[in-house]
Amino acid sequence: MQKSLDQKLANIHADPHGAKDFILADAKDADMAFGIGAPGLSPERHDGELRYKTLGQYRQQIREVIKQGVVDIVLMSASTSEQLAIEERLFEHSHITPASRANDATDIHLPRGGQVHAAPARPFRTASIDHMQCGKFECAPGERKLGSNLGLYSVTFNNRLELDLDTITQFKEFREEAERKGFRYFLEIFDPNTQDAVTADVLPGFINDLVARTLAGVTKAGRPQFLKMVYHGPKAMEELVAYDPHLVVGILGGAAGTTLDAFTLLYEAKKYGARAALFGRKINQAENQLAFIEFLRHIADGVIEPAEAVKAYHAVLERLGVAPHRTLEQDLTLQTNVMSYGGSGVTISIPAPKEGEKSQSPAPPQAVGGVDAAARGVAGIDKPAAGTDSAPDFQKMSSAERVAWHRERINRKFGG
């Protein structure tokens, strides 16, 4: 089956300025960083008791995401990819592309009580390309597409000669091996994980220059399929996209935050040129992951705006009988999210508004109550027949009507 990732990349490169395609990924590789806590907190726990979901439950969530078929990529650890891609062959008849974390530098080593991640990042790779591709030390030529033939390789520059030279040397060796073995990758550029690497005002330009400089000597055969990086705001995003329209820029999600944080991050990054979003904890910590992913896709496809999506998402949770983590009013606020993998740092996902500007604020409570009224009135606006997903003309609908339409559609999909 043709993978949606391949088709979208082809469309973007064929028409860099006009293509509307947007790549969405669920990053379920957190076991490479957090260990036991990666799957998230279990709902089956007593008050005050810290209990995590199991690895089996984590993988079951991935199976459900694959079955849903909304994302373009599922990123996993090599061991999870072996189970789901090679042994269960879940991606064989899916448009979704399996991917594995190809390296795990020290800034994502996050055990409880650990301190390694706070030191300047050093490159390291647990998984080999062969193990990601076929699950063993050396693949036969016909086995290289059994597992993940796409990997995430991450680099962290700290503006220190010896450390950064080691980082780019290891990256060069990985690229050369990947090219020999026909392995594709996307490149993650973390912000420095040391406080004194570069001043905050220079950081966006520092990262953009490193991206351009690092890839300048890399020919097409060894270039990343796309980038995954911190969203530093409109100016930095537009600068990088304008520099090379064929450099497909994706943003990482970072810490969970509010639902509006997640939805606005995707909306804003896309508005200024991003073509991909890879969310891990924002999806994994959602009350209902599949509904959350549905709304991410709607935002990426331009059919609903962030605040509308938050209201509709809460309406779906209510219909399903799922208690939200926050009240609707709380979830309609923007918070400042730190963006390093360990949850510390100074870079924010959505730049704070300038003095005198308004940030997106929660809608008045009475506006939320209008959703039910809109649901009664939406029947006359090309409402799809039961069990179908055909969409009306969203441009002719009011905000409340769009909220109601998406709420009803997802209610049907999730059995509400």
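Before we move on, is residue 303 in contact with a Phe, Trp or Tyr (Cβ under 9 Å, 6 or more places away or on another chain) and either at pLDDT below 95 or among the acidic types (Asp, Glu) (or both)?
yes
Go through segment 212-240 and count every residue that is hydroxyl-bearing (Ser, Thr, Tyr) and in a strand (DSSP E or B).
Final tally of qualifying residues: 0.
Scanning for something touching a residue at least 40 places away in the same chain (Cβ under 8 Å) and either hydroxyl-bearing (Ser, Thr, Tyr) or touching a Gly at 6+ places or on another chain (Cβ under 6 Å) (or both), does segment 37-58 turn up at least one residue?
Among the residues of segment 37-58, not one is touching a residue at least 40 places away in the same chain (Cβ under 8 Å) and either hydroxyl-bearing (Ser, Thr, Tyr) or touching a Gly at 6+ places or on another chain (Cβ under 6 Å) (or both), which makes the answer no.
Return yes when residue 128 is surrounded by fewer than 18 Cβ atoms within 10 Å (Cβ to Cβ) and more than 19 Å from residue 207 (Cα to Cα) and no when it is not.
yes
If you take the residues of segment 213-272 that are basic (Lys, Arg) and touching a Phe, Trp or Tyr at 6+ places or on another chain (Cβ under 7 Å), which of them is farthest from residue 14 (Cα to Cα)?
Step by step, filter segment 213-272, then rank; the result is 228.
Only one of these is in contact (Cβ under 8 Å) with a residue 24 or more places away in the chain and part of a helix (DSSP H, G or I): 110, 163. Name it.
After applying the criteria, what remains is 163.
For the condition at pLDDT 95 or above and part of a strand (DSSP E or B), what is the one hit in 315, 277?
Criteria check complete, one pass: 277.
Identify the residue in segment 275-315 that is small (Gly, Ala, Ser) and over 12 Å from the mean Cα position of the chain (by Cα) and, among all such residues, is farthest from residue 329 (Cα to Cα).
The qualifying residue farthest from residue 329 (Cα to Cα) is 302.
Identify the residue in segment 89-115 that is surrounded by 21 or more Cβ atoms within 10 Å (Cβ to Cβ) and among the charged types (D, E, K, R) and, among all such residues, is nearest to residue 2 (Cα to Cα).
The extreme case among them is 101.
Quick check on residue 245: is it in contact (Cβ under 8 Å) with a residue 60 or more places away in the chain, touching a Pro at 6+ places or on another chain (Cβ under 7 Å) and within 28 Å of residue 174 (Cα to Cα)?
yes
Looking only at residues that are surrounded by 23 or more Cβ atoms within 10 Å (Cβ to Cβ) and under 15 Å from residue 332 (Cα atoms) in segment 250-259, which one is modelled with the highest pLDDT?
Selected residue: 259.
Where residues in segment 227-249 are within 18 Å of residue 153 (Cβ to Cβ) and over 13 Å from the mean Cα position of the chain (by Cα), which of them is surrounded by the most Cβ atoms within 10 Å (Cβ to Cβ)?
248
In this structure, is residue 178 of a type outside the set (D, E, K, R), outside any helix (DSSP H, G or I) and crowded, with 17+ Cβ neighbours inside 10 Å?
Answer is no for this residue.
Quickly run through segment 183-211 and pick out the residues that are over 15 Å from residue 168 (Cα atoms), among the aliphatic types (A, V, I, L, M) and assigned to a helix (DSSP H, G or I).
203
Being in a loop (DSSP other than H, G, I, E, B), out of contact with any strand residue (DSSP E or B) (no Cβ under 8 Å at 6 or more places or on another chain) and closer than 17 Å to residue 153 by Cα is the filter here; which residues of segment 124-138 pass it?
124, 125, 126, 128
Test residue 263 against the stated conditions and say whether it is in contact (Cβ under 8 Å) with a residue 60 or more places away in the chain and crowded, with 18+ Cβ neighbours inside 10 Å.
no
Within the set of pairs 6 or more residues apart or between chains, which connect a residue that is farther than 14 Å from residue 150 by Cα and without any contact (Cβ under 8 Å) to a residue 40 or more places away in the chain inside segment 83-103 to a residue that is among the hydrophobic types (A, V, I, L, M, F, W, C) and in a loop (DSSP other than H, G, I, E, B) with Cβ atoms less than 8 Å apart?
Going by the 8 Å Cβ cut-off, the qualifying pairs are 84/90; 84/91.
The values are calculated or read from the model by the stated rules, or taken from the named source; none is laboratory data. Fair warning: this is a prediction, and the values are worked out from it, not measured in the lab. Because the Cβ atoms are built from the backbone with ideal geometry, glycine has one as well, and the counts that use them run over all protein chains shown.
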